[in-house]
């Protein structure tokens, strides 16, 4: 995959560099802060090879592309800078956001750059746990202590790192923000803890606390610092701002953080953490059912970021029960993917997707490709994910399982959960239940009337002989038939657009495949949508990426709103010239929507003439 070309395409399709305020990435997605998300070509992005889906959540325009996201991000950021001049959260070019959306955006934008470091450090701690349990390394050895320092550093110095990322997100000087966090951990400051309660600043008592691995104090302090920074820049001459603004900011913010914001933030964090612990204590089973069953969809809407500060806070004081319960959702997703892998024996494309995402989930804990590529595609498995996740979450909640280091939920991270055996039982239940239910219940809806669904790759001209309704779609083109799975466009090959068949035209004309109405005609003339009298929507897309021809070589003879009869001429196109221009002319014919759930059966002929039977819909 050409990561540079993909990155350039994404920048262009989100509205160009001038439409981008900021960009960060997490494990699987690019997170854009756009000036105007309406300028983004969402449908084109979702069809782009290598892009799983597009999500708008928490004030961000998110492009989900999987585990190679870091490479694409690197290529995008070469010779570009979307960070230094981007507005602070909630200040983008007239965009109005709710307070909750703004908070989630700030949290996600601050933690996203740190996720790889935290996840890598957490996995290193898991590895050290295994090595010591097996007796291969002593917890007092120099080697262990050095590696332990590597695993603990990001969490111990989190106020510094989080100060930097928060400063970037809030449009304040990130390094001054980092220094504010560092001041609370500097030896002269931490040495004051030995004096107990006898600490003051200009006669004002200071409550000393340990701020290592803390989250809420730095969030409050840097949020206030961002306002102070802006104020100082307004009142201080530009020639003096280089040293005077940061000097005054440090003189103001470090004492205030020590006297007020730090203790208050710590108190807020402890209060929230205690509240969550209390709720879990009231009913660990109910909490586990909610978190395990519905965390999948909290992630989709970006709501999971609200738990991140609480999780970090909990880990700092012994362990976090929230992520332990939420981990069941991850293994439920993996179980669904594995179940689809076992069941979709005749669909090689789907089987490959399900198998590869299962492995990625198990080994890395990255499941966005499962969520967006399978769970949200096959709505039938949504209850399965909820049930399986709820079962594992309830087990972890009831027995008080906790996560002791920040990790992605995968099989290698098992040692950081305690009690470990209970956790293994819980995730095994979620995985097994999801797999078994997917195998027995299937991943697609059944035909109305109770007739079992047939595999998507089965080809036959006649439907199953039962008392059901049929609709015939005739071929709009003369040429060679090709399965959608072989089309060089993932939007079609994965059937994300719908079911159907592709044709390689031998004649440059398209005729109506049904009696109905022209409901959409692309200005470039390369694609047309029709709705049959029975309510079936059909898309005919001439060639792959031929939209780039900007209408050249295409001549539509109908317009939107026209009524057509089966066999009427719709579009003429210059077949040879399109090929000479370097474009494939393979033409998908897609059933995109019907009034009822249907099965689509394809002709088994290798060559079709226009007006011959191409597809049979079984209602």
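The values are calculated or read from the model by the stated rules, or taken from the named source; none is laboratory data. Because the structure is predicted, anything quoted here is derived from the model rather than measured. All Cβ positions, even for glycine, are placed from backbone atoms using ideal geometry, and neighbour counts span all protein chains on display.
Quick check, is residue 585 in the same structural domain as residue 492 (by TED's automatic domain parsing) and touching a helix residue (DSSP H, G or I) at 6+ places or on another chain (Cβ under 9 Å)? Show your work before the answer.
Working: in the same structural domain as residue 492 (by TED's automatic domain parsing): yes; touching a helix residue (DSSP H, G or I) at 6+ places or on another chain (Cβ under 9 Å): yes.
Judged against the criteria, residue 585 is a match.
The selection criterion, being more than 25 Å from residue 127 (Cα to Cα), in contact with a helix residue (DSSP H, G or I) (Cβ under 6 Å, 6 or more places away or on another chain) and in contact (Cβ under 8 Å) with a residue 24 or more places away in the chain, holds for residue 398. Of the numbered criteria (1) modelled with pLDDT of 80 or more; (2) more than 23 Å from residue 116 (Cα to Cα); (3) buried (at least 16 other Cβ atoms within 10 Å of the Cβ), the one residue 95 fails is (1). Which one is farthest from residue 166 (Cα to Cα), of the residues in the range 203-228 that are in contact with a helix residue (DSSP H, G or I) (Cβ under 6 Å, 6 or more places away or on another chain) and in a helix (DSSP H, G or I)? Taking the candidates together, the pick is 228.
For the range 72-82, check the following and say yes or no: at least one residue is touching a strand residue (DSSP E or B) at 6+ places or on another chain (Cβ under 9 Å), at pLDDT below 80, within 19 Å of residue 33 (Cα to Cα) and outside any loop (DSSP other than H, G, I, E, B). No: zero hits.
Would you point out which residue out of 294, 219 is surrounded by 19 or more Cβ atoms within 10 Å (Cβ to Cβ) and touching a residue at least 40 places away in the same chain (Cβ under 8 Å)?
Working: 294 fails: surrounded by 19 or more Cβ atoms within 10 Å (Cβ to Cβ).
Matching residue, one of 294, 219: 219.
Per the listing 149, 89, the residue uniquely modelled with pLDDT of 85 or more and either under 30 Å from residue 411 (Cβ atoms) or part of a loop (DSSP other than H, G, I, E, B) (or both) is 149. Just one of the listed residues (552, 559, 610) is assigned to a loop (DSSP other than H, G, I, E, B) and closer than 16 Å to residue 476 by Cα, and it is 610. Out of 184, 170, 124, one residue alone is outside the structural domain of residue 23 (by TED's automatic domain parsing), over 24 Å from residue 33 (Cα atoms) and either touching a strand residue (DSSP E or B) at 6+ places or on another chain (Cβ under 6 Å) or crowded, with 22+ Cβ neighbours inside 10 Å (or both). It is 184. Yes or no: residue 163 in the same structural domain as residue 233 (by TED's automatic domain parsing) and out of contact with any strand residue (DSSP E or B) (no Cβ under 7 Å at 6 or more places or on another chain)? The answer is yes for residue 163. Filtered by the rule that a residue be out of contact with any helix residue (DSSP H, G or I) (no Cβ under 7 Å at 6 or more places or on another chain), within 19 Å of residue 413 (Cβ to Cβ) and buried (at least 18 other Cβ atoms within 10 Å of the Cβ), the range 335-378 gives 364, 368.
It is to be established whether one or more residues within the range 519-527 are assigned to a strand (DSSP E or B), under 38 Å from the mean Cα position of the chain (by Cα) and either surrounded by fewer than 17 Cβ atoms within 10 Å (Cβ to Cβ) or not assigned by TED's automatic domain parsing to the domain that holds residue 609 (or both). Walk me through it before giving the result.
Of the range 519-527, the ones assigned to a strand (DSSP E or B) are 519-521, 527.
Right, trim to under 38 Å from the mean Cα position of the chain (by Cα) and you get 519-521, 527.
Remaining after also requiring either surrounded by fewer than 17 Cβ atoms within 10 Å (Cβ to Cβ) or not assigned by TED's automatic domain parsing to the domain that holds residue 609 (or both): 519-520.
Yes, some residue in the range 519-527 is assigned to a strand (DSSP E or B), under 38 Å from the mean Cα position of the chain (by Cα) and either surrounded by fewer than 17 Cβ atoms within 10 Å (Cβ to Cβ) or not assigned by TED's automatic domain parsing to the domain that holds residue 609 (or both).
The single condition among (1) modelled with pLDDT of 80 or more; (2) more than 19 Å from residue 102 (Cα to Cα) that residue 52 does not satisfy is (1). Against the definition (surrounded by 19 or more Cβ atoms within 10 Å (Cβ to Cβ) and closer than 29 Å to residue 495 by Cα), how does residue 42 come out, yes or no? Considered against the rule, which asks whether it is surrounded by 19 or more Cβ atoms within 10 Å (Cβ to Cβ) and closer than 29 Å to residue 495 by Cα, residue 42 comes out as no.
In the range 252-269, the qualifying residues are those that are surrounded by fewer than 20 Cβ atoms within 10 Å (Cβ to Cβ) and modelled with pLDDT under 85, and the one that is nearest to residue 310 (Cα to Cα) is 268. Only one of the numbered conditions (1) within 16 Å of residue 472 (Cβ to Cβ); (2) at pLDDT below 90 is not met by residue 514, and that is (2).
Selection of the range 577-591 for residues being touching a residue at least 24 places away in the same chain (Cβ under 8 Å) and exposed (fewer than 15 other Cβ atoms within 10 Å of the Cβ) yields 577, 581. Taken as a whole, the range 189-202 holds no residue that is outside the structural domain of residue 404 (by TED's automatic domain parsing), within 30 Å of residue 415 (Cα to Cα) and not in a strand (DSSP E or B).
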